[in-house]
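The values are calculated or read from the model by the stated rules, or taken from the named source; none is laboratory data. This is a predicted model, so every value here is computed, not measured. As a convention, Cβ positions derive from the backbone with ideal geometry for all residues, glycine included, and neighbour counts pool all protein chains shown. Heads up: the accessible areas ignore ligands, DNA and RNA and are worked out on the full protein's heavy atoms, side chains in. Shrake-Rupley method; radii C 1.70, N 1.55, O 1.52, S 1.80 Å.
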Amino acid sequence: MADPTRHHTLSVTVENKAGVLARVANLFARRGYNIFSLAVAPTDDERFSRITIVVDVESAPLEQIVKQLFKLINVVKISELAPESSTERELLLATVEVDSARRSDVIELVGIFEGTIVDVGHDQLTVMLAGSPSKIDDFEDLVRAYGIVELQRTGRVALPKLEKQAPRLRTVKGKVG
């Protein structure tokens with residue numbers, strides 16, 4: 001589980017070119033910076049990719065990490081995404097041990113967490129769940145009691161929250177008549 005005082009989320013827009021992710025990872029390795037989570041994918045503009053990095057600021061100050069990232073030639077933009085001002089999601093795939101007596105309990109738990117069963121075996125279920133990191137943590141803690149055979153989490157992806165206020169209407173004075 002991420003500690004909000006230690007972990008900060010950076011959204012890094014980079015040129016979508018071969019080797020960029022390797023250069024970012026090498027920067028972190030060379031400097032001894034710890035990556036808590038990393039996710040990368042192209043953006044809606046095929047020239048760019050977005051790397052979402054959750055960094056451990058105990059390994060280095062956030063300002064130093066950002067300064068070093070900006071030195072990389074393919075980095076276009078860096079934004080810090082604070083949890084209260086961003087929407088964060090993560091994906092979990094887990095294969096859970098279930099006998100016939102407990103299968104309905106696991107199916108109910110998956111339903112409560114708005115997950116999906118993606119594969120079924122005689123004594124195992126593979127489930128998929130997407131949600132906030134805390135929701136994923138809670139589900140993982142609860143399903144652990146049934147026996148996790150395999151588990152994979154994607155790492156966090158995040159975008160800034162949208163503006164919630166409607167634009168003010170301006171008053172237009174005209175002739176009444």
message = For region 57-76, give me each residue that is part of a loop (DSSP other than H, G, I, E, B), of a type in the set (S, T, N, Q) and farther than 14 Å from Ala25 by Cα.
response = Ser59
task = Consider only pairs whose beta carbons are under 7 Å apart and that are at least six residues apart or on different chains; among these, list those whose first residue lies in region 97-125 and is under 11 Å from Val143 (Cα atoms) and whose second residue is part of a loop (DSSP other than H, G, I, E, B) and charged (D, E, K, R).
result = Glu97/Asp123; Val98/Asp123
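For region 146-157, which positions are farther than 13 Å from Thr95 by Cα and either open to solvent by 70 Å² or more (accessible area, probe 1.4 Å) or of a type in the set (S, T, N, Q) (or both)?
If the condition is that a residue be farther than 13 Å from Thr95 by Cα and either open to solvent by 70 Å² or more (accessible area, probe 1.4 Å) or of a type in the set (S, T, N, Q) (or both), then Thr154, Val157 are the ones that fit.
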ask   = Which of (1) part of a helix (DSSP H, G or I); (2) open to solvent by less than 30 Å² (accessible area, probe 1.4 Å); (3) of a type in the set (Asp, Glu) does Glu90 not meet, given it meets every other one?
value = (1)
Single residue of Ser104, Ser79, Ser49 found to be farther than 24 Å from Tyr33 by Cα and either touching a His at 6+ places or on another chain (Cβ under 9 Å) or not in a loop (DSSP other than H, G, I, E, B) (or both) = Ser104
task = Hey, can you tell me all the residues within region 144-169 that are assigned to a helix (DSSP H, G or I) and more than 27 Å from Ile53 (Cα to Cα)?
result = Ala145, Tyr146
task = Out of Ala29, Ala60, Ala18, Ala39, report the one residue that is of a type in the set (Gly, Ala, Ser), without any contact (Cβ under 8 Å) to a residue 60 or more places away in the chain and open to solvent by less than 70 Å² (accessible area, probe 1.4 Å).
result = Ala60
request  = With respect to Glu46, determine if the residue is of a type in the set (Asp, Glu) and open to solvent by less than 60 Å² (accessible area, probe 1.4 Å).
outcome  = no
request  = Go through Val172, Val106 for me and flag whichever is of a type in the set (Val, Ile, Thr) and either at pLDDT below 90 or open to solvent by 80 Å² or more (accessible area, probe 1.4 Å) (or both).
outcome  = Val172
